[in-house]
1. Pairs only if they're at least six apart or on different chains, beta carbon under 8 angstrom, first in segment 101-118 and under 20 Å from Asp77 (Cβ atoms) and of a type in the set (Phe, Trp, Tyr), second crowded, with 16+ Cβ neighbours inside 10 Å and at pLDDT 90 or above; list them, first residue then second.
2. Can you pull out the residues in segment 1-27 that are open to solvent by less than 70 Å² (accessible area, probe 1.4 Å) and of a type in the set (Ser, Thr, Tyr)?
3. Quick one: Val9 ticks every box in (1) under 30 Å from Arg133 (Cβ atoms); (2) not in a strand (DSSP E or B) bar one, so which box is it?
4. Determine if segment 83-99 includes at least one residue that is of a type in the set (Val, Ile, Thr), within 28 Å of Arg133 (Cβ to Cβ) and modelled with pLDDT under 90.
5. Being part of a loop (DSSP other than H, G, I, E, B), among the hydroxyl-bearing types (Ser, Thr, Tyr), open to solvent by 40 Å² or more (accessible area, probe 1.4 Å) and within 21 Å of Lys42 (Cα to Cα) narrows it down to one of Thr88, Thr92, Thr105, so name that one.
6. From Leu68, Leu74, grab the single residue that is open to solvent by less than 60 Å² (accessible area, probe 1.4 Å) and assigned to a loop (DSSP other than H, G, I, E, B).
7. Does any residue of segment 28-48 turn out to be in contact with a helix residue (DSSP H, G or I) (Cβ under 9 Å, 6 or more places away or on another chain) and modelled with pLDDT under 95?
8. Can you tell me how many residues within segment 28-59 are more than 19 Å from Gln93 (Cβ to Cβ), open to solvent by 10 Å² or more (accessible area, probe 1.4 Å) and of a type in the set (A, V, I, L, M, F, W, C)?
Amino acid sequence: MLGIQGSQVMTIQPESFQTLPSLLEILMSGNKISRLEAETFKGLVKLEVLNLDSNRIYYIDVAAFAGLAGLRKLSLDDNCLSSIPLGTKMSTQPLELLMHRNPLTSIAPMEDLKHISLLILARNGIQCDCKLREMKRWIYK
């Protein structure tokens, strides 16, 4: 496990963790990260848990999580995300995605979320309208 919490980290350079292929868990909550670029977590082939809670993340590149085939839990609570990040399908495991308290304004098509086994969206700004009908059908399956 690697814990870099509350350390004022502002950026993570792509491939920063490439020399740590056996790492199972990264805890980077309480920092000031705002963007996740392509291949940020490249080389972390065994990573199972990634906690990026309480940062300032507003942008996640579609290839930021590329290569994380073993990821089981991705926690993005308390960030600045307006939508569910694309590019989380890389895992061969069912994924738990936690996104409490983000200013979400839209939900991705349910087809893009089928790999997610648990989705927590509590305390977000999602409008309850007809666009959520597809999500309701997905939930009841």
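1. none
2. Ser7, Ser16
3. Here Val9 meets the rest and fails (1).
4. Let us first name the residues in segment 83-99 that are of a type in the set (Val, Ile, Thr), namely 84, 88, 92.
So of that shortlist, the ones also within 28 Å of Arg133 (Cβ to Cβ) come out as 84, 88.
With modelled with pLDDT under 90 added as a condition, the list becomes 84, 88.
Within segment 83-99, one or more residues are of a type in the set (Val, Ile, Thr), within 28 Å of Arg133 (Cβ to Cβ) and modelled with pLDDT under 90.
5. Exactly one of Thr88, Thr92, Thr105 is part of a loop (DSSP other than H, G, I, E, B), among the hydroxyl-bearing types (Ser, Thr, Tyr), open to solvent by 40 Å² or more (accessible area, probe 1.4 Å) and within 21 Å of Lys42 (Cα to Cα), namely Thr92.
6. Just one listed residue meets the conditions, Leu68.
7. Scanning segment 28-48, I find no residue that is in contact with a helix residue (DSSP H, G or I) (Cβ under 9 Å, 6 or more places away or on another chain) and modelled with pLDDT under 95, so the answer is no.
8. Number satisfying all stated conditions: 1.
The values are calculated or read from the model by the stated rules, or taken from the named source; none is laboratory data. Bear in mind that the values here come from a model prediction, so they are computed numbers and not experimental data. Backbone-built Cβ (ideal geometry, glycine too); neighbour counts: all protein chains shown. What goes into the accessible areas is simple: the full protein's heavy atoms, side chains included, and nothing from ligands, DNA or RNA. Shrake-Rupley method; radii C 1.70, N 1.55, O 1.52, S 1.80 Å.
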